[in-house]
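Data block below; observations after.
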Amino acid sequence: MALPNLSPEDRKAALQKAAHARQARAELRQQIKGGALSFAEVMSKAEDPIVARMKVETLLESLPGFGKAKASKMMEELQISESRRVQGLGARQREMLMARLG
C-alpha cells in the first residue's frame, strides 16, 4: 500500500494529531497506574478512540501490581495475541478479562 503524498501542511497536521493521541494515551496510563481509573472503568470507555487503539498488553502493564511478565502471562493464559488492541477484543476475551480484573 503506497503512502499518499501529503502537502507540508497536511503532514504537520497529521504529526500533531498523532502526538496528541500519544500524549492522551500516556495520560490515561498514568491515571490507571495511579489508581484514578479502574480496569472496569477503562473497559467501559472502549469506544473512545484513545482507549480503543491502546494495546491490551499496555493496558494490563499500566495496572497497579502488573508488569511485563505478569501481563504477558495473563495474555497467554487467556489466549490473547500480544498485538491485540482493546477495540479488537472478542466478547469472550472481554468477559474473561473482566472476570479476572473487573
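At what distance in nm do the modelled label points of Leu3 and Gln79 sit from each other, each positioned 7 Å from its Cα along Cα→Cβ? Computed distance between label sites Leu3 and Gln79 equals 3.7 nm. With only the Cα atoms considered, the chain has a convex hull volume of 118 Å³ per residue. Each residue of region 27-42 is assigned a 3J(HN,Hα), and the resulting list reads 5, 4, 4, 5, 5, 5, 4, x, x, 6, 10, 8, 4, 4, 5, 5 Hz, derived from the Karplus form 6.51 cos²θ - 1.76 cosθ + 1.60 (θ = phi - 60°), x at Gly and Pro. The HN-Hα couplings worked out from phi for region 96-102 by the Karplus form 6.51 cos²θ - 1.76 cosθ + 1.60 (θ = phi - 60°) are 5, 5, 5, 5, 7, 10, x Hz, whole numbers, x standing for Gly and Pro. Report, ordered by chain and residue number, the lysines lying within cross-link reach of Lys73, taken as a straight Cα distance under 21 Å and ignoring same-chain residues fewer than 8 apart. Leaving aside lysines fewer than 8 places away in the same chain, those within reach of Lys73 are Lys33, Lys55. Between the Cα long axis of helix 68-77 and the first principal axis of the chain there is an angle of about 70°, rounded to the nearest 10.
Throughout, read-outs are computed from the coordinates displayed, never taken from laboratory work. Owing to the predicted nature of the structure, the values given are computational and were not obtained by experimental measurement. Positions of Cβ are backbone-derived with ideal geometry, glycine not excepted, and every protein chain shown enters the neighbour counts.
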